[in-house]
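The values are calculated or read from the model by the stated rules, or taken from the named source; none is laboratory data. Just so we're clear, the structure is a prediction, and the values are computed from it rather than from any experiment. All Cβ positions, even for glycine, are placed from backbone atoms using ideal geometry, and neighbour counts span all protein chains on display.
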């Protein structure tokens, strides 16, 4: 069976994701689509809108055959580590290719960029350092350095100012770094940009826009058309049971997690670097809500997502020392599958290079314990999540 | 001016406390009553019913002339350290005597007990060890060992099975250990026992009973008669603004503070000893509320208050290493005074042996920073306390 891997968050699963699955399957001629999906905290440093189980059901209903969890350590990391974790898992599951949505929609520019940057790595790193030293944010510094490198060269090269192109490029780099045999592929993302608000003339909207519209309206009525029916049903049930997650709903606990510590102690948490700790504390002492907090903390030096990742790690008590102690995924946790996914797993069972975990209670992997802890803390922050605290140990993979 | 020190929590200030102040003043012939009072977390390991400012106002209206804060480090410690901190502060403020309420009500048995236990310290410690080794709680072990020591001796000796006698004895020990010149005195506590529910035939009820009655009824109507009018007014205002504190109202944050940590990490917090960490975590994962949590955690090995003190330290992020880094109070924080208290302070200003702090913002004492942090975390847990987070830095002493 031919397998294609995709890297996902499904926060929530919408028509664009449906398109991604269908197109990836067609373009790579795949028998099985394997989605490696973030758990309950996401790469942009946010608690998930709905938990990983609801998102897994949405994914399976949307055509994914197998859904596995990207461990917290990678799911909440900077793009390069995020990509490394995801590629390691898809590779371990013996995917033939991986396929990402990108603004460019053509794989060749990515390959060209990768080859050039590999060759010019030393110059590239030097340029990045120079740019960072001027005080700009890291993503901006990367992009400026990149333009110096490609200037005057024969392309085409990938446009690394676009968020999905950047992620895709990291996937290629990461797959290469683990000498994966997976073939990189890309499809064009359609219509909605990453940060776009909802455009009513289209049936595709970004996940960000969908979440925003929900929090503004208090219900899903405005966003139904951007979601498969199965997603709407799933989200409605989740909302009724637990309410949706966002930093605003997590704010009282987030604030408490910051105020537990003297500023110097905040530096122990992953991604918190010297200089911002006093600001974090001061903002937590004075802000009335999460929006007010971010207004006080944001600066040219740090991107919004970088700050949110710091907050995620403070919230989940994940330190630099934790980060350094994990290099690569040590297990594959099954979240869900259909019959095709099941058949695939059986067919590759002996070749899968990491332990596949379906019963968590039987395992004591420290990386997995972090996932469990993150889930308990996620349900601690959801409006009505308390009843699910402690449940992640016992939940078996979803089979549809 | 003749000054008498008293050790207080005023949680809340009731008729029994009024009696204690009046009797102490009369018996010691004092011009000024100095109350050293716990801040927002108390010796039995609980968040205060009302904050330290409301309790200071109640104390001043009830006849205390000067109210100073017992730092968190001592206020939440085991009885012997609690007593050491309190005695060090009263001694530094040049009190001529200290006067505690006790079940015995006569100072001579305490002196006899102190002299005997000083002489027989080695035997006493040996007996305690033997008793603890049988698996009983520490207070029980102390009491059994004590009975072995006094058996057959000529008394009278203090009855150390009674909670206020025990505390009083610790005060005498502590005052002695710092070679204080303060004269120990005691008055008899009247009518209500420490843990008694409210008895409607008496106008004196325990603070515990008063809090319990409030939480059962949802208002103060049933308990007015046990409180001075000024306390009722103060409490009503506090309740309207913030709601009252108890572990039940703090439960979501307390649970979160436990679930942030793997069990092994819980051992870093003060008073958490090996063996209970897994129980704490398991109970936090499964209990629906604080009562359910304590039902799962309590055991013969640990007293209720000992467990609550562990929880206080987990909640405020106070570790064994913090505990070890502080030996004796390093400042005296003024919470409130009347004209008599002010005059007294002026008269002893040059003889006071610790810095007296009225403007906290100007100070950077690490012990004081803990008090400030504890206050911010206290208001984080109160039903409507968020608006007061960050305020403790700026609040000057109350002057009436």
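Give the residues of segment A:345-366 that are surrounded by fewer than 20 Cβ atoms within 10 Å (Cβ to Cβ) and in a helix (DSSP H, G or I), sorted by residue number.
A:346, A:347, A:348, A:361, A:362, A:366
State which residue is nearest to the other protein chains (Cβ to nearest Cβ) when the search covers only segment A:367-400 and only residues that are without any contact (Cβ under 8 Å) to a residue 40 or more places away in the chain, under 19 Å from residue A:241 (Cβ atoms) and in a helix (DSSP H, G or I).
Out of the qualifying residues, it is A:376.
Please state which one of A:115, A:65, A:81, A:91 is without any contact (Cβ under 8 Å) to a residue 12 or more places away in the chain and under 25 Å from residue A:371 (Cα atoms).
Details: A:115 fails: under 25 Å from residue A:371 (Cα atoms); A:65 fails: without any contact (Cβ under 8 Å) to a residue 12 or more places away in the chain; A:91 fails: without any contact (Cβ under 8 Å) to a residue 12 or more places away in the chain.
Testing whether each residue is without any contact (Cβ under 8 Å) to a residue 12 or more places away in the chain and under 25 Å from residue A:371 (Cα atoms) leaves just A:81.
Determine, yes or no, whether residue A:222 is touching a helix residue (DSSP H, G or I) at 6+ places or on another chain (Cβ under 6 Å), more than 14 Å from chain B (Cβ to nearest Cβ) and not in a helix (DSSP H, G or I). Give the derivation first.
Values: touching a helix residue (DSSP H, G or I) at 6+ places or on another chain (Cβ under 6 Å): yes; more than 14 Å from chain B (Cβ to nearest Cβ): yes; not in a helix (DSSP H, G or I): no.
Spelling it out, it is not the case that residue A:222 is touching a helix residue (DSSP H, G or I) at 6+ places or on another chain (Cβ under 6 Å), more than 14 Å from chain B (Cβ to nearest Cβ) and not in a helix (DSSP H, G or I).
Scan B:252, B:263 and give me the residue that is modelled with pLDDT under 95 and within 14 Å of chain A (Cβ to nearest Cβ).
Working: B:252 fails: modelled with pLDDT under 95.
Going through B:252, B:263 in turn, the sole match is B:263.
Please state which of the following conditions residue A:43 fails to meet, knowing it meets all the rest: (1) under 30 Å from residue A:246 (Cα atoms); (2) in a helix (DSSP H, G or I).
Among (1) under 30 Å from residue A:246 (Cα atoms); (2) in a helix (DSSP H, G or I), residue A:43 violates only (2).
Need the failing condition index for residue A:321 against (1) surrounded by fewer than 15 Cβ atoms within 10 Å (Cβ to Cβ); (2) away from chain B (no Cβ under 14 Å); (3) out of contact with any helix residue (DSSP H, G or I) (no Cβ under 9 Å at 6 or more places or on another chain), just the number.
(2)
If I ask for residues that are farther than 19 Å from residue B:9 by Cα and part of a helix (DSSP H, G or I), which ones from segment B:146-174 would you list?
B:146, B:147, B:148, B:149, B:150, B:173
Pull up segment B:296-317, narrow it to residues that are surrounded by fewer than 20 Cβ atoms within 10 Å (Cβ to Cβ) and part of a loop (DSSP other than H, G, I, E, B), then point me to the one that is modelled with the highest pLDDT.
Selected residue: B:298.
Out of curiosity, is residue B:317 in contact (Cβ under 8 Å) with a residue 40 or more places away in the chain, within 30 Å of residue B:276 (Cα to Cα) and in contact with a strand residue (DSSP E or B) (Cβ under 9 Å, 6 or more places away or on another chain)?
Taking the combined requirement at face value, the residue satisfies it.
Taking into account only those residues within segment A:273-295 that are at the interface with chain B (Cβ under 9 Å from one of its Cβ atoms) and assigned to a helix (DSSP H, G or I), which is nearest to the chain's Cα centre (by Cα)? Lay out the reasoning, then the answer.
So in segment A:273-295, the residues at the interface with chain B (Cβ under 9 Å from one of its Cβ atoms) come out as A:282, A:284-286, A:288.
In the following step, the residues that additionally are assigned to a helix (DSSP H, G or I) were identified as A:282, A:284-286.
Numbers: A:282: 29, A:284: 26, A:285: 30, A:286: 30 Å.
So, considering only residues that are at the interface with chain B (Cβ under 9 Å from one of its Cβ atoms) and assigned to a helix (DSSP H, G or I), the one nearest to the chain's Cα centre (by Cα) is A:284.
Taking the residues in segment A:386-400 that are within 18 Å of residue A:253 (Cα to Cα) and under 23 Å from the mean Cα position of the chain (by Cα) as candidates, determine which candidate is surrounded by the fewest Cβ atoms within 10 Å (Cβ to Cβ). Full working, then the answer.
First, pick out the residues of segment A:386-400 that are within 18 Å of residue A:253 (Cα to Cα): A:386-390.
So of that shortlist, the ones also under 23 Å from the mean Cα position of the chain (by Cα) come out as A:388-389.
Values: A:388: 19, A:389: 21.
Among them, the one singled out is A:388.
Residue B:308 - would you say it is within 14 Å of chain A (Cβ to nearest Cβ), in contact (Cβ under 8 Å) with a residue 40 or more places away in the chain, farther than 18 Å from residue A:253 by Cα and within 25 Å of the chain's Cα centre (by Cα)?
no
Consider residue B:233 carefully, then state whether it is away from chain A (no Cβ under 13 Å) and assigned to a loop (DSSP other than H, G, I, E, B).
Numbers: away from chain A (no Cβ under 13 Å): yes; assigned to a loop (DSSP other than H, G, I, E, B): no.
For residue B:233, the condition - away from chain A (no Cβ under 13 Å) and assigned to a loop (DSSP other than H, G, I, E, B) - is not met.
Of the conditions (1) free of Cβ contacts under 8 Å to residues at least 24 places away in the same chain; (2) surrounded by fewer than 18 Cβ atoms within 10 Å (Cβ to Cβ); (3) within 22 Å of residue A:42 (Cβ to Cβ), residue A:288 clears all except one; give me its number.
Only one criterion in (1) free of Cβ contacts under 8 Å to residues at least 24 places away in the same chain; (2) surrounded by fewer than 18 Cβ atoms within 10 Å (Cβ to Cβ); (3) within 22 Å of residue A:42 (Cβ to Cβ) is unmet by residue A:288, namely (3).
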